[in-house]
Amino acid sequence: MENKKAIEKFEKVISEAKRMIFFGGAGVSTESGIPDFRSVDGLYSQKFDYPPETMLSYTFYRNHPEEFFRFYREKMLGYDAKPNAAHRKLAEWEQQGKLTAVITQNIDGLHQAAGSKKVIELHGSVLRNYCEKCREFYTAEHMLVSEGIPQCKCGGRVKPDVVLYEEGLDQNTLTDAVNHIADADVLIIGGTSLVVYPAAGLIDYFRGDYLVVVNRDPTPRDKHADIVLQGSIGEIFSSL
Ligand code: ZN
């Protein structure tokens, strides 16, 4: 197996690492049973008139809020998902003082559920929802049981704290991510094909010793990586 040698090398890198950063994408969550809402699949088109990319745009949120929240409740909330071996291993490395942050494109809060403390959420989180008028906070559970267009006590509309298509990433979050990547000695990229910009461009700030890529399929970064591991990230991380 090609992976066996790569895993041995990875283990040596981990044992010497002091400031690892994990940069993760949808593949980390799909192994916990959360579908990648950015990839179109048949299930969506059976129940909705628009593709997910359209429904998750800011224009759609403004113009078709009822349909937006129907999609939000059905497809983005209410998964009884648990952290998998990859989430748990990352929390463990942080606790051991080897890993300084997880940077994620996922919005499900599973890293925190596994015990990770420093999690930079590039695309926000469905666990946070805010009134557009008074900023009152609402939980995912509240959103799930609300009907139609969720309203705050003040009458304002409650918006998920999620970066929709057409919306920019939060500047402070981006700066935080850049600083952590620039300061890292090891950067592990996992569960992402690195096609979602501008998030994917962040890894250009890395100037540490080892770039590690863990993914099911080949990625454009593989040729620049010091270690490439192909397969299930949960299985690979649990073997470490
Ligand atoms: Zn309000």
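The values are calculated or read from the model by the stated rules, or taken from the named source; none is laboratory data. Just so it is clear, the model here is predicted, and its values are computed rather than measured. Note that we place each Cβ from the backbone using ideal geometry, even for glycine, and neighbour counts take in every protein chain shown. Protein only, heavy atoms only, side chains kept; ligands, DNA and RNA dropped before computing areas. Shrake-Rupley method; radii C 1.70, N 1.55, O 1.52, S 1.80 Å.
Residues of region 1-16 being out of contact with any helix residue (DSSP H, G or I) (no Cβ under 8 Å at 6 or more places or on another chain) and either surrounded by 16 or more Cβ atoms within 10 Å (Cβ to Cβ) or in a helix (DSSP H, G or I) (or both), which ones?
Those that are out of contact with any helix residue (DSSP H, G or I) (no Cβ under 8 Å at 6 or more places or on another chain) and either surrounded by 16 or more Cβ atoms within 10 Å (Cβ to Cβ) or in a helix (DSSP H, G or I) (or both): Glu2, Lys4, Lys5, Ala6, Glu8, Lys9, Phe10, Glu11, Lys12, Val13, Ser15, Glu16.
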All but one of (1) more than 16 Å from the ligand (Cβ to nearest atom); (2) of a type in the set (Lys, Arg); (3) open to solvent by less than 50 Å² (accessible area, probe 1.4 Å) hold for Lys117, so report the exception by its number. (3)
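Being under 15 Å from the mean Cα position of the chain (by Cα) and open to solvent by 30 Å² or more (accessible area, probe 1.4 Å): is that true of Ser193 here? Steps first, answer last, please.
Numbers: under 15 Å from the mean Cα position of the chain (by Cα): yes; open to solvent by 30 Å² or more (accessible area, probe 1.4 Å): yes.
Considered against the rule, which asks whether it is under 15 Å from the mean Cα position of the chain (by Cα) and open to solvent by 30 Å² or more (accessible area, probe 1.4 Å), Ser193 comes out as yes.
I'm checking my understanding of the structure. Among residues of region 118-136 that are under 15 Å from the mean Cα position of the chain (by Cα) and assigned to a loop (DSSP other than H, G, I, E, B), which one is farthest from Val28 (Cα to Cα)? Working first, answer last.
Just the residues of region 118-136 that are under 15 Å from the mean Cα position of the chain (by Cα), to begin with: 118-128.
With assigned to a loop (DSSP other than H, G, I, E, B) added as a condition, the list becomes 118, 122-123.
Details: Lys118: 17, Leu122: 15, His123: 15 Å.
Checked region 118-136; the qualifying residue farthest from Val28 (Cα to Cα) is Lys118.
Can Leu211 be described as at pLDDT 95 or above and either closer than 13 Å to Phe23 by Cβ or open to solvent by less than 40 Å² (accessible area, probe 1.4 Å) (or both)? Before you say what the answer is, go through the steps one by one.
Numbers: at pLDDT 95 or above: yes; either closer than 13 Å to Phe23 by Cβ or open to solvent by less than 40 Å² (accessible area, probe 1.4 Å) (or both): yes.
Answer is yes for this residue.
In region 120-134, which residues are under 19 Å from Asp36 (Cβ atoms) and within 16 Å of the ligand (Cβ to nearest atom)?
To start, the set of residues in region 120-134 that are under 19 Å from Asp36 (Cβ atoms) comprises 121-127.
Hits for region 120-134: nothing passes.
Can you confirm whether region 165-174 contains a residue that is within 16 Å of the ligand (Cβ to nearest atom), under 30 Å from Arg70 (Cβ atoms), among the hydroxyl-bearing types (Ser, Thr, Tyr) and open to solvent by less than 60 Å² (accessible area, probe 1.4 Å)?
no
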State whether the residues of region 153-162 include one that is under 26 Å from Leu187 (Cβ atoms), more than 16 Å from the ligand (Cβ to nearest atom) and in contact (Cβ under 8 Å) with a residue 12 or more places away in the chain. yes
